[in-house]
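Novice: Supplied in structure tokens, the structure appears directly below.
The values are calculated or read from the model by the stated rules, or taken from the named source; none is laboratory data. Not measured: the values here are computed from a predicted model. So basically every Cβ, Gly included, is an ideal-geometry build from the backbone, and we count neighbours across all protein chains shown. Ligands, DNA and RNA are excluded from the accessible area calculation, which covers all protein heavy atoms including side chains. Shrake-Rupley method; radii C 1.70, N 1.55, O 1.52, S 1.80 Å.
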Amino acid sequence: MAKHGASLALKRLNAARKVSIPKKDKVWIVKPCAGSHEAKESVALSFLLRNLLGVASNAREAGVLIKGGKVLVDGRKIKNPKFPVSYMDVVHIPDVGMTYYIDLDSKGRLIAKRDERGYKLSRVEGKRTIRGGKTQFTLDDGRTFISGEGYKVGDTLKVSLSKFKVEAHYPLEVGAECVVLDGGHAGEHGRIVSIVPGTPSARSKVRIESGGEGYTTFMNYVFV
């Protein structure tokens, strides 16, 4: 019989490098569903509650919390245990007064940090002109908004979670502080010293300096 669609299961050995788990402890891991982030860049919400936050001892307890509307991601109630959570997402559990944001460790793996923040940092992934000459921007979590500001692809925006309003703008430019999200330098922080524009046959690259040393990585790996 032919196989239809993607697999709904995920073995630990095949889990993304951003997931910090013992590969040989058990066989299976909860696979993030299709959503605001790619599976290779995220973890399932139930996995986050159980393995990274420790607020649930097993998948069933995590499922009860999530399906009961007890968990908010970026200010929205999420009731799908497989909802993908990734870098800079903000997870809030009102009943226990706990708020976390998702960061990267020094090896580029997703970790949760306690922080009572009411905002989220999001990268501009796309922009297009719509009817009326206005510009629609797409963020890295899939959300869109219309603005007359001159934001560019690659810039980072500080967005209020309660009102979805841009509070600050951090452009992708020389001198900006950044973190590398992927590649051999994933998880490293540094300062942008030069930007090499792309060509039809080559992707745009960024030269980063950190601790007196420099390296080059692809522009889409950089988060200001």
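Novice: Can we say Asp89 is open to solvent by less than 30 Å² (accessible area, probe 1.4 Å) and closer than 28 Å to Gly69 by Cβ? Let's see the steps before the verdict.
Specialist: Values: open to solvent by less than 30 Å² (accessible area, probe 1.4 Å): yes; closer than 28 Å to Gly69 by Cβ: yes.
Yes, satisfied.
Residues checked against (1) of a type in the set (A, V, I, L, M, F, W, C); (2) closer than 26 Å to Ile29 by Cβ; (3) open to solvent by 60 Å² or more (accessible area, probe 1.4 Å):
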{"position": "Gly68", "(1), (2), (3)": "no, yes, no"}
{"position": "Arg109", "(1), (2), (3)": "no, yes, yes"}
{"position": "Gly118", "(1), (2), (3)": "no, no, no"}
{"position": "Gly142", "(1), (2), (3)": "no, yes, no"}
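Novice: Of the numbered conditions (1) touching a residue at least 40 places away in the same chain (Cβ under 8 Å); (2) under 22 Å from Phe164 (Cβ atoms); (3) among the small types (Gly, Ala, Ser), Ala39 satisfies every one except a single condition; which is it?
Specialist: So Ala39 meets the others, but not (2).
Novice: Now a separate question. Among the residues of segment 123-140, are any open to solvent by less than 80 Å² (accessible area, probe 1.4 Å), more than 22 Å from Asp89 (Cβ to Cβ) and of a type in the set (A, V, I, L, M)?
Specialist: Scanning segment 123-140 turns up at least one residue that is open to solvent by less than 80 Å² (accessible area, probe 1.4 Å), more than 22 Å from Asp89 (Cβ to Cβ) and of a type in the set (A, V, I, L, M).
Novice: Something else about it: From the residues in segment 197-221 that are assigned to a strand (DSSP E or B), open to solvent by less than 70 Å² (accessible area, probe 1.4 Å) and not polar (S, T, N, Q), which one is modelled with the lowest pLDDT?
Specialist: Here the answer is Ala202.
Novice: Filter segment 122-144 down to the residues that are in contact (Cβ under 8 Å) with a residue 60 or more places away in the chain and assigned to a strand (DSSP E or B) and list them by number.
Specialist: Arg123
Novice: Applying the selection to segment 145-163, what residues are touching a residue at least 40 places away in the same chain (Cβ under 8 Å) and open to solvent by 60 Å² or more (accessible area, probe 1.4 Å)?
Specialist: First pass over segment 145-163, keeping only residues touching a residue at least 40 places away in the same chain (Cβ under 8 Å): 154-156, 159-162.
Scanning segment 145-163 gives a single hit, Ser162.
Novice: Tell me, which residue of segment 64-111 that is among the polar types (S, T, N, Q) and touching a strand residue (DSSP E or B) at 6+ places or on another chain (Cβ under 7 Å) is modelled with the highest pLDDT?
Specialist: Start the filter on segment 64-111 by keeping residues that are among the polar types (S, T, N, Q), which leaves 80, 86, 99, 106.
Now narrow it down to the ones that are touching a strand residue (DSSP E or B) at 6+ places or on another chain (Cβ under 7 Å): 86, 99.
Details: Ser86: 89, Thr99: 93.
Looking at residues that are among the polar types (S, T, N, Q) and touching a strand residue (DSSP E or B) at 6+ places or on another chain (Cβ under 7 Å), I get Thr99.
Novice: Looking for something exposed (fewer than 12 other Cβ atoms within 10 Å of the Cβ) and modelled with pLDDT under 90 - is there at least one such residue anywhere in segment 165-181?
Specialist: no
Novice: Which condition from (1) touching a residue at least 60 places away in the same chain (Cβ under 8 Å); (2) open to solvent by less than 10 Å² (accessible area, probe 1.4 Å); (3) assigned to a strand (DSSP E or B) is the one that Ile102 breaks?
Specialist: (1)
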